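Just so it is clear, none of the values below were taken in a lab; they were calculated from the coordinates. In this text the structure is predicted, and so the values were computed from the model without any measurement. Cβ atoms come from the backbone with ideal geometry, glycine included; neighbour counts cover every protein chain shown.
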Amino acid sequence: MSCGSCSATLRIARLVLHDKPYIVVEGPIGAGKTTLARLLADERQARLVLEKVEENPFLERFYGDSQKYRFQAQLYFLLTRYRQQQELAQADLFRQNLVCDYLFAKDHLFAQVNLDADEFALYRQLFGLLDARLPKPDLVVYLQARLDVLMSRVRKRAKDYESGLTPEYVRRIAEAYKDFFFHYDETPLLVVNCSEIDFVDHPEETADLMREINEAGPGVQHYIPLGSK
């Protein structure tokens, strides 16, 4: 095949991609990011990339004794998230549509909440080296919800390793997300208020949000679902 033919084939392949081929759904514990990521991937016929939370061998121990296991749990998350994102960049990022249920930069957010000053200083050095090597998404969808909604959803899914989660810890994580995305400017950002809406049970709201995602432009935009109060 000639180089001209190769170029033509590449152009055709790119045409099937959405104008936002790499979308990330983010939000605090219980916000519904994985549920929305699945729906979005299905709607866009995209590859779904899920965070491998349950594979962290320190996570359950962290929830039981955070001071003892916080650094091990955070370092494991950092390295496994980086490895997964690097594999995507090398194999898939420019060849198909992707929807991911986490933003690599959020690892830094959890580290700020969980680690002490000395641990965080060491962590930041490693994070800075890894983050600079990864591509950025075309759009981040940030889900917000009230604390009572987050706790209700956490209890409803009843994951064993989350049984030790306290409202105070979830509140701190939610506040950290709010502060992080208030200053976030690396990519276009769509902020979604989802306290009143369960997208699984309200397909009309899901369809409306999908349209909003497809039409999202640069900068920061806010979306309040139709059924919100």
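With a 10 Å Cβ neighbour count serving as the proxy for reagent exposure, in which order, fewest first, do 183, 222 appear?
183, 222
Restricting attention to the stretch 160-222, which GluC sites (Glu not before Pro) occupy a DSSP loop and are surrounded by at most 14 other Cβ atoms within 10 Å?
Answer in residue order: 186.
Taking θ as phi - 60°, what are the ³J(HN,Hα) couplings along the stretch 128-137 by the Karplus curve (6.51, -1.76, 1.60), each to the nearest whole Hz, with x for Gly and Pro?
Values per residue, Gly and Pro as x: x, 5, 7, 4, 5, 8, 9, x, 9, x Hz.
Can you pull the semi-axes for the stretch 44-92, root of five times each eigenvalue of the Cα gyration tensor, sorted largest first, whole Å?
27, 12, 6
Compute the convex hull volume of the Cα atoms of the stretch 52-152, divide it by the residue count, and report the result per residue in Å³ as a whole number.
125 Å³
Averaged across orientations, what area in nm² does the convex hull of the alpha carbons in the stretch 173-229 project?
4.5 nm²
Which order do 81, 157 fall in if you start with the one that has the fewest other Cβ atoms within 10 Å?
157, 81
P(r) of the chain in 5 Å steps, Cα pairs, percent per bin?
Going from the shortest bin to the longest, the percentages are 1, 6, 13, 17, 20, 16, 12, 7, 3, 2, 1, 1, 0.
Sort largest first and round to whole Å: the equivalent ellipsoid semi-axes of the stretch 130-229, each the square root of five times a Cα gyration tensor eigenvalue.
The three semi-axes for the stretch 130-229 are 24, 21, 12 Å.
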